[in-house]
Amino acid sequence: MPEDLKKVRFGGIYRQDWVNRPHTATEDRHPQTLTFDAGLQFVRTNRDADNWFVQIETFDPHEPFFSHQRFKDLYPHDYDGPHFDWPDYTRVVETDDQVGHARYEYAALLSMCDHSLGRVLDTMDELGLWDDTLLVVCTDHGLLLGEKGWWGKSVQPWYNELVHLPLFACDPRTGATGERRRHLVQTIDLAPTLLEFFDVPRPGDMQGAPLSDTSVREAGLFGMHGGHVNVTDGRYVYMRAPVSPDNAPLHEHTLMPTHMRGRFTPQELADLELAEPFGFTKGVRTLRVSGRTLFNPYQHGTLLYDLESDPEQCTPLADDAVELRMARLLVDLMRANEAPPGQYERLGLPAVGPVHEKHLLVRAQREQAEVATQPLPRAEDYPEGRFSLRTPIRALISDPVAMEVLRRHLPGVVDSELLQILGPTPLVDVAAMAGGLFPAPRLRMVAEELAAL
């Protein structure tokens, strides 16, 4: 593995990627190419059949931004720094050249995706499929490439770069070409679109609507477990943070007690309860267990943006009338989705009854939101000494005086169980991962006191 800028290497995934790369050294062996090969083979095999469906899920563009030279050649640039095509989900602390290089690596992979999609379109031309075949092209989420001072997703609010997704379709029933429609649609509308196309009745509890429906919804709900709960009407985006720092109560409801990379532990299941059925669980109860999140959305505060005047979401609004309307839309959608009572309590919203001005949070949480958006200075901007922000956490907590500096300015850090994982990581990179938990002014004080030791 070459010298690189990646700090987080949990679970051997980073090493596995480098084990894989020699086996995908040519474009024809790249997993993206092989996936499209398989999908197009299916299309050619079934070209004369009716009622077939194929989903070509390429996973790209996704980190690592691994593509082949002819796509990199589309983006020539001078760069002689460390290898960098897999940013961590953190604040940006790299140099401008390093950030630019990672963006070019992403652009090269995106161009490879364009080429692969082009193979599908060419096959549709060649086989004459446009007259009776529905084509939908979409993705699941975006990725921040330095915008707003962030890499990645999941550890920051769900800005438009992450949730305003590419989507285009060709429906032979409409005969329409080149149309750009501004209806508010979501990925939950894809399943109803497919069912309608194949003339299959929709289940009664399916909330999405076919893309052909021109009046699908007034607002859309989005977010992730334990994070901001968000709503947009197409113009305004409202990101509701927890009402208190503990981000509680928070529960998981599941019949498959599994995290992304492992099963629930016995400790997590020790206090499980059987919850009453939701309407969409067909009368089946779920397991309810205490939930957890790696990052706390409270630090970012509740945010409101006007996409018409601020499409890049640079300046949050403080407009009580707009917030009240958006909070009411949010609660309406939470109730339609049968959000459990704990979610309303966590967000400081009423589970029943109307939403009033007393429930608004933007102004109350504005100060913490402003602190969270302050750019994190680069490591080279801090003073250096025997100890600095570049010093690994493990070395800092091994020195009693340095540890006292951390304890005074960053309470709780030296006692965190995360140090077992992050011990070799420099303090500045831990700060980048932790978002707004390490404000820039406090880091400056830590850096100055460490450098003076």
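The values are calculated or read from the model by the stated rules, or taken from the named source; none is laboratory data. This one's a predicted model, so the numbers in the text were calculated from it and none came from an experiment. Here the Cβ positions follow ideal geometry from the backbone for every residue, glycine too, while neighbour counts run over all protein chains shown. Heads up: the accessible areas ignore ligands, DNA and RNA and are worked out on the full protein's heavy atoms, side chains in. Shrake-Rupley method; radii C 1.70, N 1.55, O 1.52, S 1.80 Å.
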Identity of the residue in segment 383-404, outside any helix (DSSP H, G or I) and out of contact with any Asp or Glu (no Cβ under 8 Å at 6 or more places or on another chain), that ends up nearest to Leu443 (Cα to Cα): Leu389
Single match in Leu360, Leu376 (criterion: over 30 Å from Glu448 (Cα atoms) and not small (Gly, Ala, Ser)): Leu360
Residue within segment 85-101 that is of a type in the set (S, T, N, Q), over 24 Å from Ile13 (Cβ atoms), modelled with pLDDT of 95 or more and not in a loop (DSSP other than H, G, I, E, B) present: no
Residue count, segment 363-382 (criterion: among the charged types (D, E, K, R), in a loop (DSSP other than H, G, I, E, B) and open to solvent by 80 Å² or more (accessible area, probe 1.4 Å)): 1
Answer residue from segment 266-301, given it is assigned to a loop (DSSP other than H, G, I, E, B) and of a type in the set (Phe, Trp, Tyr) and is farthest from His359 (Cα to Cα) among those: Phe278
Qualifying residue in segment 302-320 (condition: modelled with pLDDT under 95, open to solvent by 40 Å² or more (accessible area, probe 1.4 Å) and in a helix (DSSP H, G or I)): no
Qualifying strands (runs of 3 or more DSSP E) (wholly inside segment 158-236; at least 3 residues being loosely packed, with under 14 Cβ neighbours inside 10 Å): none
Test result for Ala108, in contact with an Asp or Glu (Cβ under 7 Å, 6 or more places away or on another chain) and open to solvent by less than 20 Å² (accessible area, probe 1.4 Å): no
Residues of segment 1-26 classified as open to solvent by less than 90 Å² (accessible area, probe 1.4 Å) and under 15 Å from Thr425 (Cα atoms), total: 5
Check on Glu57, open to solvent by 80 Å² or more (accessible area, probe 1.4 Å) and in contact with a strand residue (DSSP E or B) (Cβ under 7 Å, 6 or more places away or on another chain): no
